[in-house]
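A quick write-up on the structure given underneath.
The values are calculated or read from the model by the stated rules, or taken from the named source; none is laboratory data. All values derive from a computational prediction rather than experimental measurement. Backbone-built Cβ (ideal geometry, glycine too); neighbour counts: all protein chains shown.
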Amino acid sequence: MSELTLTVMRLGFLAVLWLFVIVAVQVIRSDLFGTRVTQRGSRRESGRPQQAARQQAAPPQQRQQASGGGRQRRGAPTKLVVSEGILTGTTVALQGQTITLGRAHDSTIVLDDDYASSRHARIYPDRDGQWIVEDLGSTNGTYLDRTRLTTPTPIPLGASIRIGKTVIELRK
Amino acid sequence: MSSTTNPSTHHTSTIGAIGAPSRRNTELALLVFAVVIPVFAYANVGLAINDQVPSGLLGYGLGLGLLAAVGHLVVRKFAPYADPLMLPLATLLNGLGLVLIWRLDQSPRLQQRAESLFGSFSPDAPKQLLYSALGIALFVVVLMLLKDHRILQRYTYISMAAAIVLLLLPLVPGLGANVNGAKIWISIGGFSIQPGEFAKIIIAVFFSGYLMVKRDALALASRRFMGLYLPRGRDLGPILTLWAVSLLILVFENDLGTSLLFFGMFVIMLYVATERTSWIVIGLLMSAGGAVVVSTFASQVKVRVTAWLDPFGCYETSGACEQIGQSIMSFGSGGVLGTGLGQGNSDLIGFAANSDFIFATVGEELGLAGVMAFLLLYGLIIERGIRTALAARDPFGKLFATGLSGAFALQIFVVAGGVMGLIPLTGMTMPFLASGGSSVIANWALVGILLRISDTARRPAPAPASNPDAEMTQVVRP
């Protein structure tokens, strides 16, 4: 094999190797730059008209009472979603098990939050399969929508439970 | 809280990264590229050595392509949002490793050496292809069975025990094998396994689970002294234990690499978990102290230190010095652009030319430009690992990804530094590149776990649900 061919191959190989590195770095760029701002208000109105309309028809108190009945079985939540806070996006499947929340490391959802107590709250199904949230004597309280919990309370679908900076919801 | 207490601000916005949903097609394109480059290198070696395109080109290219395709399809199915770069980078390094091993198999010097020492020569490249296939198989198993990395959190203390057992196995009489003084292999039924490679993944589980629970105590309880937060005496317990264990490994297994890897990994994770620079200072002081003491007493370590300090002073008398000397000369004769694949003399290194010293072949045949490209490929894998740790939401995943990429980085530093003469040589192998089954299999598993964590981390958050405030304002509307 001639000297020239080998030299061309040698330099060509180095060029291809570096090309790969450069392409890889270009792929990384998309991870480094750019964030997306989602307008939650406008997005909801356009994206979920049906749900908004349905919930418009039922004021919060009525929704809570009705949720124990037939409506609940049809639309039983299947997952718990963290919608605000550092754990945003975490989901936990609801399969009849008790979900504990708090700073204790053996909680189902470990909250790394100064406002959370170590055993803050728990979410469990009652005999009818209705999901109940109960505050476990936390210092700063657990809020369902905007009311601070004092007794175990059924959770309406889509209502937000707030603990410190974390908001969780039950979804279908 | 303001968004719920003040109904007028229900136009809250969330800020998230723009993510093309999965980037699997980017990964596929890069993978094709990552298979083509080693095939090109393979043809290049054949043309340089035998003046013809090697006959195994098709089989080799198809083999590597098949492995990459299996890996890609499994990621597509089981981890669709995983990082798009890690699989192509690992595939490229593995493929180039195969080429370099095959190139050293063609060396008449190494063939003669094997025949005079063991009576026969068997090429390492086919074996390495088999190990790579096993590695991909383990990668597939990890992605299929490990649905959520948080499950590993349950096995914090079991994995500590398992890692210690794995690390001590080479010392069991009859099981451990002594290869050139270092006792880091075990041999079962003709196969020799390096349990330390697997232990590094398992011990990362223990470190992350342990530090996640203890980090508050280790970070907060401290006094300030000369700009450093000094921990309380009793909080020094874990680091002292780890230090003692790694010194014991060093003394009884004669392996600097493994002990450096485990202690260094613990210090990195301790620093990440507590954000206290003092742990790094303490860790460096302890490892320097330990290294000095051990290198004056343990004979095997002493040999390596001598070979590091002055390889050409003892070049004629000691095999270890000759190896390092040859390796340094390889890097030197490579120059900036290298001699070209198949045209170097790195086979003069002799023993372990295609395992511990494989990076010297890169240095000679691809030159500084090639070495830098390889180090960048490794650096990109580590960067993706750290990036995964940043994106992960749970503290266990963060620490786990940091620990795995930290161990990977340390291993590369230790091996590359060793063959270049920056630090004393240790008995570790370049991940994916070097010949050796345990290393390639364990590192594919490591990449699999990192992909699993990054899939969880990069999975887009579900669309924000309806805001109760906004609903109530709608109800009020007549």
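Before moving on, here are some points about what is shown:
- Candidates are the residues of region B:385-417 that are assigned to a helix (DSSP H, G or I) and at the interface with another protein chain (Cβ under 8 Å from one of its Cβ atoms); the one that is farthest from the chain's Cα centre (by Cα) is B:Pro395.
- Filtering region A:126-143 to residues that are of a type outside the set (A, V, I, L, M), outside any loop (DSSP other than H, G, I, E, B) and more than 14 Å from every other protein chain (Cβ to nearest Cβ) leaves A:Trp131, A:Glu134, A:Asp135.
- One residue from B:Ser107, B:Ser116 being of a type in the set (Ser, Thr, Tyr), more than 19 Å from the chain's Cα centre (by Cα) and closer than 27 Å to B:Gly59 by Cα: B:Ser107
- Close contacts from region B:93-121, counting a first residue that is farther than 30 Å from A:Val21 by Cα and a second that is aromatic (Phe, Trp, Tyr) and in a loop (DSSP other than H, G, I, E, B), with Cβ to Cβ under 7 Å and a gap of 6+ residues or different chains, come to B:Gln111/B:Phe121; B:Ala114/B:Phe121; B:Glu115/B:Phe121.
- Residue count, region A:79-107 (criterion: facing chain B (nearest Cβ under 10 Å) and either in contact with a helix residue (DSSP H, G or I) (Cβ under 9 Å, 6 or more places away or on another chain) or not aliphatic (A, V, I, L, M) (or both)): 11
- Scanning region A:144-170 for residues being surrounded by fewer than 18 Cβ atoms within 10 Å (Cβ to Cβ), part of a strand (DSSP E or B) and of a type outside the set (Val, Ile, Thr) gives a total of 1.
- Restricting A:Ser42, A:Ser30, A:Ser83 to those that are surrounded by fewer than 14 Cβ atoms within 10 Å (Cβ to Cβ), small (Gly, Ala, Ser) and either under 21 Å from A:Tyr143 (Cβ atoms) or modelled with pLDDT under 85 (or both) reduces the list to A:Ser42.
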